[in-house]
Amino acid sequence: MKILITGGAGYIGSELVNYFIDDHEVVVLDNLMYDPTSLLRYTNSTNFKFIRGDVRDLKLLGDLMKDSDVIIPLAALVGFPLCDRDPRAAVEINYEVNQWIADNKRPDQKVIYPCTNSGYGTSEDGTVRTEESPLNPVSLYGKTKVDAENAYRNSENCVTFRLATVYGPATRMRTDLLVNNFVLRTLRDRVLVLYECEFMRNYVHIQDVCKAFKFVLDNWEVCNGETFNVGNDSLNMNKLQLAQTIQNHLPLEIIRAEFTSDPDTRDYIVSSQKIYDRGYSCDYDLDDGINQLIKAYSIIESPWYANY
Ligand SMILES: NC(=O)c1ccc[n+]([C@@H]2O[C@H](COP(=O)([O-])OP(=O)(O)OC[C@H]3O[C@@H](n4cnc5c(N)ncnc54)[C@H](O)[C@@H]3O)[C@@H](O)[C@H]2O)c1
């Protein structure tokens, strides 16, 4: 098959290519906003092709789509700080381009699209969020992602994911993601000041995210048309528990504070049982990720890897 990955030079894409490159042709379209070296490791593969360009160039995107059996649209302005800085671009890239893909793809073309589960908001009564629970995103980032998800849910031959917060090292690193950020700050400062300590979040290792894309493609007949939460259900934990897990690996003082809040308010328990029931499972726990991050941070420097 020929797989088009937009935004494939990013955090998830730079690892995801590895899951397909041996068996399929992979074309990445990316404007290289961040690390231009993240895909170098694939240049020795004759299955790999890179096109530098903007997904808003619909002529280019349309030409690349024509040849593709599978489209994985990752290109986005990711995270609320980046979207708030350029709201027009956020709507164009995160929503309008995806609506265009959904409207213009052939019915036989498969799409796997990653939305965020941050739109599940708060569940003060402790109820577990499933794919049936309503999404009410607060931030512009969350809204554009959910609008794009709806475009694909209304189109044929599409699968959408609602990803937990991803963690772990990648060729294009992101240090703004919560676990990655906490481990980095622990190494640097040995202190974490936590707000919304009791708020529940859930997490998933980046390799398990990549595995979910491959799982869906390999099991299309049982996944087609579905929306799946993709998280590690054993990693529904609050921020304090996350920090305490890091404390098992590194010296860390935890200071609790109540001076700010997350603009994409999240306090929920999420179930990914639906995709587990199809045969998918996670391979990595939090301790694996923390150990890997400690090694990664002994190699790289920090500030250039955040999405703001
Ligand atoms: N990482 C997470 O925790 C997470 C959670 C939920 C959903 N997602 C979604 O997964 C996808 C990938 O996220 P990521 O963490 O890899 O983010 P990232 O910021 O590392 O990657 C985004 C990539 O898109 C590219 N890009 C941005 N605008 C573009 C444009 N106009 N044209 C072409 N390329 C463009 C960037 O250069 C970058 O390589 C995004 O759609 C994101 O919303 C990520």
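Quick look at the values:
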| item | result |
| --- | --- |
| Beta bridges by DSSP in region 159-308, antiparallel share as percent, to the nearest 5 | 20 percent |
| Model label zone, Asp67; criterion: amide N under 16 Å from point 7 Å along Cα-to-beta-carbon; scope region 31-54 | 45-54 |
| With every protein chain in place, the chain: carbon and sulfur % of accessible area (1.4 Å) | 48 percent |
| Cα-based helix-to-principal-axis angle, 178-189 vs the chain, degrees rounded to 10 | 50 degrees |
| Listed residues Glu131, Glu198, Glu226, most fluctuating in the chain (Gaussian network, C-alpha, under 10 Å) | Glu198 |
| The chain - share of DSSP beta bridges that are antiparallel (%, nearest 5) | 10 percent |
| For the chain, built as a Gaussian network whose Cα springs stay under 10 Å, the top-fluctuating residue of Asn202, Asn180, Asn136 | Asn136 |
| Accessible area in square angstrom per residue, region 2-305, 1.4 angstrom probe | 42 Å² |
| Relative contact order (percent, whole number), region 2-305, Cα cutoff 8 Å, 6+ residue spacing | 20 percent |
| Heavy-atom accessible area order for Leu242, Leu58, Leu32, largest first, 1.4 Å probe | Leu58, Leu32, Leu242 |
| Protein-only accessible surface order, largest first, of His24, His205 at 1.4 Å | His24, His205 |
| Contact order relative to length of region 181-308, as percent, for alpha carbon pairs under 8 angstrom and 6 or more apart | 41 percent |
| Cα-based helix-to-principal-axis angle, 286-297 vs the chain, degrees rounded to 10 | 80 degrees |
| Proximal charge balance of Val78 [Cβ under 10 Å; K/R count +1, D/E count -1] | +1 |
| For Thr175, distant residues with modelled amide H under 5 Å away | Tyr305, Ala306, Asn307 |
| Cβ-based net charge around Asp35, under 11 Å, with every Lys or Arg adding one and every Asp or Glu removing one | +1 |
| Amide H within-cut-off set for Glu226, under 5 Å, with H built and near neighbours excluded | Thr160 |
| Largest-first ordering by accessible area, 1.4 Å probe, given options Thr130, Thr160, Thr46 | Thr46, Thr130, Thr160 |
| Formal net charge of residues neighbouring Ala89 (Cβ-Cβ distance under 13 Å; K, R +1; D, E -1) | -2 |
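The values are calculated or read from the model by the stated rules, or taken from the named source; none is laboratory data. Here the structure is a predicted model, which means the values were calculated and not measured. Cβ coordinates were reconstructed from backbone atoms using ideal geometry, including for glycine residues, and neighbour counts include every protein chain displayed. SASA here: full protein model, heavy atoms, side chains in, ligands and nucleic acids out. Shrake-Rupley method; radii C 1.70, N 1.55, O 1.52, S 1.80 Å.
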